[in-house]
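Comments concern the structure below.
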Amino acid sequence: METAAIHQRLSQSFGSGIGESRLEVKDPWIFVEPPLIADVARFVHDDPDLAFDSLSNLSALDYKAENHIQLVYHLFSYRHRHWLILKVNADRDNPVVPSVESIWKAANWHEREAYDLLGVSFTGHPDLRRILLPEDWIGHPLRKDYVEPVEYHGISTRRESLLR
């Protein structure tokens, strides 16, 4: 199914919760309002005509100037051999979105990574904790305004450049 048809179907089911889309680009995508992402995910997973049974990737980007963190969900249907990209813009000051982990188990680690590196909280996640950094690390390193500490527990975080 083409992304335009999926967009129309989602708009019929979720109304204004489905935002703008870019259908003419190489990788077309559809915006979803943050509170609805789990409902939309459940819909595209369970609907037999869509059957998006795989979350291939969930990534997050910091758009500091626009004051939001964008989550990008790459979905694939093995049954129908079609794919879909959903995007969500979460408020940068309090990035909270529902978890899709109960729909796609692969989301467990993807969401933990977005939490760890960008500070996105996923409501309903069964084990939301850091995955790459120590639990007591301060801040989220992929945020545009992140300042790396000089040391961590007495260990320097600075290294001489090997490119010199």
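Restricting to the range 72-89, name every residue that is surrounded by 15 or more Cβ atoms within 10 Å (Cβ to Cβ) and of a type in the set (D, E, K, R).
87 - this is the single residue of the range 72-89 that is surrounded by 15 or more Cβ atoms within 10 Å (Cβ to Cβ) and of a type in the set (D, E, K, R).
Kindly indicate whether any position in the range 46-63 is in contact with a Pro (Cβ under 9 Å, 6 or more places away or on another chain) and of a type outside the set (A, V, I, L, M).
No - not one qualifying residue is present in the range 46-63.
Suppose the filter is touching a Pro at 6+ places or on another chain (Cβ under 7 Å), surrounded by 14 or more Cβ atoms within 10 Å (Cβ to Cβ) and within 29 Å of residue 74 (Cα to Cα); does residue 100 pass it?
When the stated conditions are applied, residue 100 does not pass them.
When the range 1-24 is examined, which residues are found to be within 17 Å of residue 35 (Cα to Cα), in contact (Cβ under 8 Å) with a residue 24 or more places away in the chain and polar (S, T, N, Q)?
Within the range 1-24, just 13 meets the criteria.
Can you tell me how many residues in the range 17-55 are at pLDDT below 95 and hydrophobic (A, V, I, L, M, F, W, C)?
Final tally of qualifying residues: 2.
In the list 60, 106, 90, 65, which residue meets the criterion of being closer than 24 Å to residue 6 by Cβ, among the aliphatic types (A, V, I, L, M), at pLDDT 95 or above and more than 10 Å from the chain's Cα centre (by Cα)?
106 is the lone residue from the list that is closer than 24 Å to residue 6 by Cβ, among the aliphatic types (A, V, I, L, M), at pLDDT 95 or above and more than 10 Å from the chain's Cα centre (by Cα).
Pairs needed: first member in the range 135-146, in contact (Cβ under 8 Å) with a residue 40 or more places away in the chain and of a type in the set (D, E, K, R); second member anywhere, surrounded by fewer than 10 Cβ atoms within 10 Å (Cβ to Cβ) and assigned to a loop (DSSP other than H, G, I, E, B); C-beta distance under 9 Å; at least 6 residues apart or different chains.
Between residues of the range 135-146 that are in contact (Cβ under 8 Å) with a residue 40 or more places away in the chain and of a type in the set (D, E, K, R) and residues that are surrounded by fewer than 10 Cβ atoms within 10 Å (Cβ to Cβ) and assigned to a loop (DSSP other than H, G, I, E, B), the close pairs are 144/65.
Within the range 110-149, work out how many residues are among the small types (Gly, Ala, Ser) and in contact with a Ser or Thr (Cβ under 8 Å, 6 or more places away or on another chain).
Qualifying residue count, the range 110-149: 2.
The values are calculated or read from the model by the stated rules, or taken from the named source; none is laboratory data. The structure displayed is predicted, hence computed values, not measured ones. Note: ideal-geometry Cβ built from the backbone for every residue, glycine included; neighbour counts use all protein chains shown.
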